[in-house]
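The values are calculated or read from the model by the stated rules, or taken from the named source; none is laboratory data. Quantities reported herein were computed from a predicted structural model and do not represent experimental measurements. Neighbour counts are summed over all protein chains in view; Cβ atoms, including those assigned to glycine, are modelled from backbone coordinates with ideal geometry.
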Amino acid sequence: MLVETARAQDRQDTPSLEDLIPDSAVEDPEAWAAQGTSAEAQAEEDTALPLDPDAPLDENLVSIPWPEQIDLPELGPLEPDAEPVEFVTFEEEIPPLPMGSEERISDELILVFPSENSLFPERDEFLDRFKALSTIEDLDDDDNIARLAVQARSDQALLEEMLRVYGYYDAQVIRSVGNVVAEEEQDLERPAARFDVIPGARYTIGAVDLGNLAAAGDDYEMLRQTFEVFPGDPISLDDIKTEQADLDVALGENGFPFAAIEEPELLVDHARVEGDLTMAVEPGGQYNFGVVTSNLPDFLSGDHLSDIARWDPGDIYQRSDEMDLRRAILATGIVGSVQLTPVVVEEPVGDQPGTVNIAAELTEAPLRTLAGNIGFGTEEGIRVEAMWEHRNLFPPEGLLRLRGIAGTQEQLAGITFRKNNFGGRDRILTVDAFASTIDYDLYDARTVSLVANFERLSTLLFQKEFSWSAGLELVASQESEVDIDGNPLRRETYFVAALPLFAQIDQSDDLLDPTRGFRASLRLSPEASDNEGVQSFYVRSQADASYYQSIGESTVLAGRVRLASIPGAELEGIAPSRRLYAGGGGSVRGYGYRSIGPVNDFGIPTGGRSLVELSAEARIRTGFLDGAVSVVPFIDAGSVSEGQTPDFGTIKIGAGVGVRYATGFGPLRLDVAVPLNRGPNDSWVAVYVALGQAF
């Protein structure tokens with residue numbers, strides 16, 4: 001206030017604008033301007049400011065003598081110093097970073113890093129990520145320098161952000177845009193962007209605050225070690241996010257269904273060259289599994305869902321088991337959607353976990369299917385097939401299917417009952433009754449069969465290391481072999497009772513497209529046969545083994561061997577439909593279906609009691625269609641003998657090349673093969689199309 005008052009007093013002696021402009025000037029400005037300056041004022045101005053440059057200065061105004069009137073002493077020569085003075089440059093005092101390690105990403109993009117790798121050890125990974133994200137990488141050859149300059153600014157911001165991801169918070173990126181001469185085209189100048197990257201010091205982790213993680217009790221130490229970010233570690237935002245996911249998985253797999261983790265926050269302190277990490281974690285209490293409940297108990301009951309689940313009540317809660325149950329419920333094919341929610345039925349007390357039930361909220365999917373197809377194959381002829389099924393006619397998961405086939409070589413009518421997840425996960429009970437007629441080149445058969453089977457097999461959802469099945473088969477069949485003209489010979493009646501058994505060990509890495517590992521299986525079927533009063537007892541046996549080995553990143557070598565034998569009865573005592581045959585897409589490629597083996601007087605294969613097959617192929621992935629196409633050269637060999645031990649005297653060999661196209665549900669296979677020792681009834685070439693690898 002005092003300051004404002006002083007300024008008001010200073011203005012009291014200052015003439016105002018109204019004082020300087022008289023009333024006559026306001027009333028008639030032009031007349032007042034024409035009056036000019038008064039004679040007295042003009043004379044005063046002329047005497048005060050003489051304009052003649054040669055006029056002498058007034059001695060009263062200037063008292064300093066001119067330079068020529070001052071006597072200056074003479075300065076003697078300087079004596080040289082004993083030691084010369086040296087000037088220090090910035091480069092000598094603070095050595096520059098050894099830049100110059102240049103990476104030419106493209107004709108339009110150059111990155112320069114410190115030549116010393118220890119100054120930026122993440123360089124290779126950094127470059128790969130930058131190439132994938134750079135906007136300059138998308139430039140066409142005809143893009144101009146103006147657009148390049150705009151995208152260079154974007155790439156500079158990208159580089160700076162990526163450097164912070166790796167913990168370089170003091171990094172500098174120097175951008176240059178101009179014309180460079182391409183080495184391969186010396187007469188052509190192209191615009192290019194150059195970025196000199198100076199990483200600076202990499203910041204480290206300071207304090208780590210994980211909120212209320214200690215509430216996990218005895219599991220705290222294990223959970224803390226799971227989150228592998230500790231004070232002193234170099235900062236990596238990627239690692240922090242990875243460890244956050246690992247901690248979330250560890251909480252979900254160790255009984256904490258309600259655990260919550262907030263997004264991590266990093267407080268960077270440039271003075272300390274550190275960043276303090278805060279990530280609030282709330283475990284939410286530890287629980288065991290209870291039972292599964294269902295909102296549709298008459299459709300899929302809670303007891304049935306508990307049978308499908310891979311846990312028993314009282315097991316520690318694991319999120320992966322909950323997710324697996326969800327996938328298994330959807331895999332039934334009768335549920336459209338499912339939502340699983342842990343529901344607390346008992347709170348934790350002290351160090352004792354509580355209990356959660358898993359509540360399943362289900363919606364039904366369409367349950368009935370009517371399907372049909374028409375096809376033609378060189379091995380099957382014309383074929384028309386129709387099928388109707390209801391997938392939950394007998395809840396839970398009780399399927400009824402009716403099917404029929406009308407074709408030139410096969411006619412069939414059948415009914416099938418199947419109970420999925422019967423008595424446990426992936427266990428299937430199947431009862432199948434059908435009547436069929438078969439008119440093959442090899443034999444003619446009219447058959448009525450009743451087959452029951454209980455099995456535990458691998459599925460696409462869960463590939464099992466050990467699979468098995470056991471069944472009962474009752475067959476009544478009238479069969480006859482055919483002559484050279486295809487006419488049936490004398491028809492014979494067979495009654496067969498069999499107990500088919502199967503076991504397999506699978507150590508491969510994929511069900512439909514294995515790249516490493518092995519498989520080994522054994523089939524045994526003790527059978528009793530009655531052929532018009534002549535009774536026979538024999539065992540149909542078959543052993544299969546396959547091996548897969550990756551060579552490099554794009555080639556898989558695969559090999560297969562099959563040995564089969566039917567000891568206990570002569571060939572005539574075994575129905576033609578129960579004998580062993582070879583040839584076809586899943587056997588020896590290059591030959592017709594079941595065309596390899598002993599022949600009768602008319603040159604028609606009659607089947608045998610022993611079999612051997614060998615196959616080898618190389619599955620070579622190409623770059624076509626983003627690697628989805630593979631080329632597969634292969635060679636197969638096989639022999640069928642009348643005796644109960646294999647005879648290699650009549651071995652058949654086929655070779656060819658195939659193409660595989662990788663789909664989301666397995667490879668689509670096309671094989672073209674030729675017989676290397678073709679017989680009189682063999683074709684020159686054979687073509688096979690199927691889903692999945694040959695073995």
**Report entry** Number of positions in the stretch 540-572 that are in contact with a Gly (Cβ under 9 Å, 6 or more places away or on another chain) and loosely packed, with under 15 Cβ neighbours inside 10 Å
**Finding:** 2
Requested in this report: Output the residue which, of all residues in the stretch 208-222 that are among the hydrophobic types (A, V, I, L, M, F, W, C) and over 30 Å from Arg129 (Cβ atoms), is surrounded by the most Cβ atoms within 10 Å (Cβ to Cβ).
Outcome: Ala216
Query raised in the report: How about the stretch 318-386: which strands (runs of 3 or more DSSP E) wholly inside it have at least 3 residues that are of a type in the set (A, V, I, L, M, F, W, C), touching a Lys or Arg at 6+ places or on another chain (Cβ under 7 Å) and over 14 Å from Pro257 (Cβ atoms)?
Result: none
Query - Residues located in the stretch 248-288, provided they are more than 25 Å from Ile235 (Cβ to Cβ) and either without any contact (Cβ under 8 Å) to a residue 24 or more places away in the chain or among the hydroxyl-bearing types (Ser, Thr, Tyr) (or both) - result: Tyr287
Report summary line: Residues in the stretch 364-384 that are surrounded by 12 or more Cβ atoms within 10 Å (Cβ to Cβ) and either free of Cβ contacts under 8 Å to residues at least 60 places away in the same chain or more than 32 Å from the chain's Cα centre (by Cα) (or both) total 10
Report task. List the number of the failed condition for Arg326; all other conditions in (1) touching a residue at least 60 places away in the same chain (Cβ under 8 Å); (2) touching a strand residue (DSSP E or B) at 6+ places or on another chain (Cβ under 9 Å) hold. Result -> (1)
Query raised in the report: What number of residues in the stretch 664-686 are in a strand (DSSP E or B) and in contact (Cβ under 8 Å) with a residue 24 or more places away in the chain?
Result: 8
Requested in this report: With respect to Ile145, determine if the residue is at pLDDT below 90 and in contact with a helix residue (DSSP H, G or I) (Cβ under 6 Å, 6 or more places away or on another chain).
Outcome: no
Query raised in the report: Do we have any residue at all in the stretch 629-644 that's at pLDDT below 85 and on the phi < 0 side of the Ramachandran plot?
Result: no
Query raised in the report: What is the number of the single condition among (1) closer than 16 Å to Gly255 by Cα; (2) surrounded by 14 or more Cβ atoms within 10 Å (Cβ to Cβ); (3) small (Gly, Ala, Ser) that Ala328 does not meet?
Result: (1)
Query raised in the report: How about the stretch 224-241: which of its residues are free of Cβ contacts under 8 Å to residues at least 40 places away in the same chain, surrounded by 14 or more Cβ atoms within 10 Å (Cβ to Cβ) and in a helix (DSSP H, G or I)?
Result: Arg224, Thr226, Asp239, Ile240
Query - Pair list, Cβ < 7 Å and 6+ apart or interchain, from the stretch 305-322 residues that are under 15 Å from Ala359 (Cα atoms) to residues that are of a type in the set (Ser, Thr, Tyr) - result: Leu305/Ser294; Tyr317/Tyr287
Requested in this report: Could you check the stretch 485-544 for strands (runs of 3 or more DSSP E) lying wholly inside it with 3 or more residues that are over 48 Å from the mean Cα position of the chain (by Cα) and either under 17 Å from Ser469 (Cα atoms) or at pLDDT below 95 (or both)?
Outcome: 492-498, 517-531
**Report entry** Candidate set from the stretch 579-600 (those that are more than 34 Å from the chain's Cα centre (by Cα) and without any contact (Cβ under 8 Å) to a residue 60 or more places away in the chain); member that is nearest to Ser541 (Cα to Cα)
**Finding:** Arg579
Query raised in the report: Which condition number does Thr459 fail, the rest of (1) within 36 Å of the chain's Cα centre (by Cα); (2) buried (at least 16 other Cβ atoms within 10 Å of the Cβ) being met?
Result: (2)
Report summary line: Of the residues in the stretch 98-121, those that are at pLDDT below 80 and surrounded by 14 or more Cβ atoms within 10 Å (Cβ to Cβ) number 3
Query raised in the report: Which of the residues belonging to the stretch 204-247 are within 11 Å of Met279 (Cβ to Cβ) and under 27 Å from the mean Cα position of the chain (by Cα)?
Result: Phe227, Val229, Ile240, Lys241, Glu243, Gln244, Leu247
Report task. Look at Arg660 and say whether it is touching a helix residue (DSSP H, G or I) at 6+ places or on another chain (Cβ under 8 Å) and either farther than 30 Å from Val539 by Cβ or buried (at least 16 other Cβ atoms within 10 Å of the Cβ) (or both). Result -> no
Report task. Would you check if there is a residue in the stretch 644-658 being over 24 Å from Pro514 (Cβ atoms) and part of a strand (DSSP E or B)? Result -> yes
